[in-house]
Amino acid sequence: MTGTTVEAVHGDITRQRVDAVVNAANSSLLGGGGVDGAIHAAAGPALLAQCRALRRAALPQGLPVGEAVATGAGELPATWVIHTVGPNRHAGQSDPALLASCFRRSLDVAADVGARSVAFPAVSAGVYGWEVTEVARIAVAEVRRHAAVGAEVELVRFVLFSHAALRAFESALTA
């Protein structure tokens, strides 16, 4: 890895002082539960307004699974929110390549907007039915692949809400 620091911490992603926070969004981009709801609540109405504008202009059908798009961050301490839609295992979306794409495309978008530091949640773990150990393994591998090609992002921080998720990501980082 060339110059990219990758770490896992226990905490609240909405309080991270990074350039970009990744939102585990649904395809509507209009808020939801879990990380998505927390980010929308903390960012305030400006985030929802930007997401609605994206839906009207560029994404009338919503954001596809595995893709990513950036908006401003509203009242969050970050500058950007990068929205990505993880695969929902309960809906039959069990291809690991779709999950890897969430992390890869989010890092691509982060680089495009000039973000040097990015905070990720455990995309698709939880209500989307992916085991957190599998999410951790795929996420860490994709971040390492991205860093190996000389990516511009200098810090990738996985911000985990539960101690079990933190342990899974710490294990993946030391593997």
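I'd like the full set of residues that are in contact with a His (Cβ under 8 Å, 6 or more places away or on another chain) and among the charged types (D, E, K, R), limited to segment 20-45.
none
Just the residues that are surrounded by fewer than 20 Cβ atoms within 10 Å (Cβ to Cβ) and either of a type in the set (G, A, S) or within 22 Å of V132 (Cβ to Cβ) (or both), please, taken from segment 54-66.
Matches in segment 54-66: A57, A58, G62.
Conditions tested, residue by residue: (1) in contact with a His (Cβ under 7 Å, 6 or more places away or on another chain); (2) modelled with pLDDT of 95 or more; (3) basic (K, R); (4) farther than 25 Å from A111 by Cβ.
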position: L47; (1), (2), (3), (4): yes, yes, no, no
position: R52; (1), (2), (3), (4): no, yes, yes, yes
position: R55; (1), (2), (3), (4): no, yes, yes, no
position: P64; (1), (2), (3), (4): no, yes, no, no
position: P77; (1), (2), (3), (4): no, yes, no, no
position: P87; (1), (2), (3), (4): no, yes, no, no
position: P96; (1), (2), (3), (4): no, yes, no, no
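If Q61 satisfies every condition in (1) out of contact with any Ser or Thr (no Cβ under 7 Å at 6 or more places or on another chain); (2) under 24 Å from F161 (Cα atoms) but one, which is the exception?
For Q61, the failing item is (2).
Looking at G66, G150 in this structure, which one is small (G, A, S) and farther than 30 Å from A46 by Cα?
Of the residues listed, the single one that is small (G, A, S) and farther than 30 Å from A46 by Cα is G150.
State which residue pairs qualify: first residue more than 12 Å from C102 (Cβ to Cβ) and at pLDDT below 95 and inside segment 22-40, second residue of a type in the set (V, I, T) and surrounded by fewer than 21 Cβ atoms within 10 Å (Cβ to Cβ) in any location, beta carbons under 8 Å apart, and separation of 6 or more residues or different chains.
G33/V127; G34/V127
The values are calculated or read from the model by the stated rules, or taken from the named source; none is laboratory data. All figures in this text were calculated on a predicted structure; none of them were measured in a lab. Note that we place each Cβ from the backbone using ideal geometry, even for glycine, and neighbour counts take in every protein chain shown.
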